[in-house]
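Report on the structure given below.
Each value in this text was obtained by applying a stated rule to the coordinates, not by laboratory testing. Note that this is a predicted model, so its numbers are computed, not measured. Positions of Cβ are generated from backbone atoms using ideal geometry, with glycine treated the same way; all protein chains shown enter the neighbour counts.
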Amino acid sequence: MTNTDFYGIYKAMCEKALEAYPFSGAPETSVKAMRYSLLAGGKRLRGVLALGGCVCAGGRAEDALPASCAVEMVHAYSLIHDDLPAMDNDTLRRGKPTNHVVFGEAQAILAGDGLLTEAFVSLSSIPDPSLAAACVCCLAEASGSAGMVGGQVMDMEKPSDAGAEWLREMERRKTGCLIRAAVELGMICAGADTDMVRRGREYGTHLGAAFQAVDDILDVTGDEKSMGKSLGKDRDENKLTAVTLFGLDEAVDMARRETALAVEALRGLGHEADFLRQTAEKMLKRVN
Ligand code: GRG
């Protein structure tokens, strides 16, 4: 089977689990607003990486489904909040009106809060308590102020002397931490040893950097229809990105270098790591 087949299989597994997710006890409005964004499509990269990470570390993909759902819930929450008028003020996401456009700002904030919290409910369904606790620590650290939220804070208060180092750190937190955590969560679900988890962290960190560089490139070269969001905002809003700082060619080189480093982190592992290797290459060529 090719990587595309496995990507499709893992994506379908993640989507089926998200579709069936019960949101027990939540009011109907809340369920509607959370499901609107959670089930709006997208590549499911983070959910897929959790399943692929689990298989890479010798587990069964289904063992990582609670982690796969959890990381997609955190991702959906971050997109809802990022699109709010107080943040990026976007009206289009995944080809659909953004959550606050449909449900109003207050319900969108609450839908994001609900998804973030539910991610940890999902992790608490992992049968082995020590693996569940390790997953909770991993996702909390990657999503919170030391990770994704911290990256968003840095992005919003960009200092006037921000340069390459600031950019790398901001993007590592804002985008990289959750991508890295997705791989790591999957490996934890497989009961991976510390060397495997270290490799997963390194792979995920470089994949996250490559993914963000490609995102910056697509903001200039991409097509709004395939991307499902407004493009060209980085230049219009004077944002610091790999493209605005170094130019398009250097951003492409950077994405290639980071992809190669991600693949290198898996050197010496067997065929179980092929999916992660090929997914890194696939993300380099993505058009959305
Ligand atoms: C609001 C706490 C908070 C955090 C926001 C993730 C984030 C931080 C903001 C989203 C804006 C952005 C462009 C982030 C860079 C990461 C990124 C490229 C997100 C989009 O991820 P994809 O391409 O989306 O995987 P799909 O729709 O495919 O899931």
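Just a few scattered comments:
- Residues satisfying the stated conditions in segment 156-175, i.e. touching a residue at least 24 places away in the same chain (Cβ under 8 Å) and over 16 Å from the mean Cα position of the chain (by Cα): Met156, Lys158, Ala162, Gly163, Ala164, Trp166, Leu167, Arg168
- Residue within segment 51-63 that is within 16 Å of the ligand (Cβ to nearest atom) and either among the hydrophobic types (A, V, I, L, M, F, W, C) or within 30 Å of Asn238 (Cβ to Cβ) (or both) present: yes
- Matching entry among Met170, Met187 (being outside any loop (DSSP other than H, G, I, E, B) and in contact with a Cys (Cβ under 8 Å, 6 or more places away or on another chain)): Met187
- Residue match in segment 118-131 (condition: assigned to a helix (DSSP H, G or I), of a type in the set (S, T, N, Q) and surrounded by fewer than 22 Cβ atoms within 10 Å (Cβ to Cβ)): yes
- Leu240 being in a loop (DSSP other than H, G, I, E, B) and in contact (Cβ under 8 Å) with a residue 60 or more places away in the chain: yes
- Counting residues in segment 200-216 that are surrounded by fewer than 21 Cβ atoms within 10 Å (Cβ to Cβ) and of a type in the set (A, V, I, L, M, F, W, C) gives zero.
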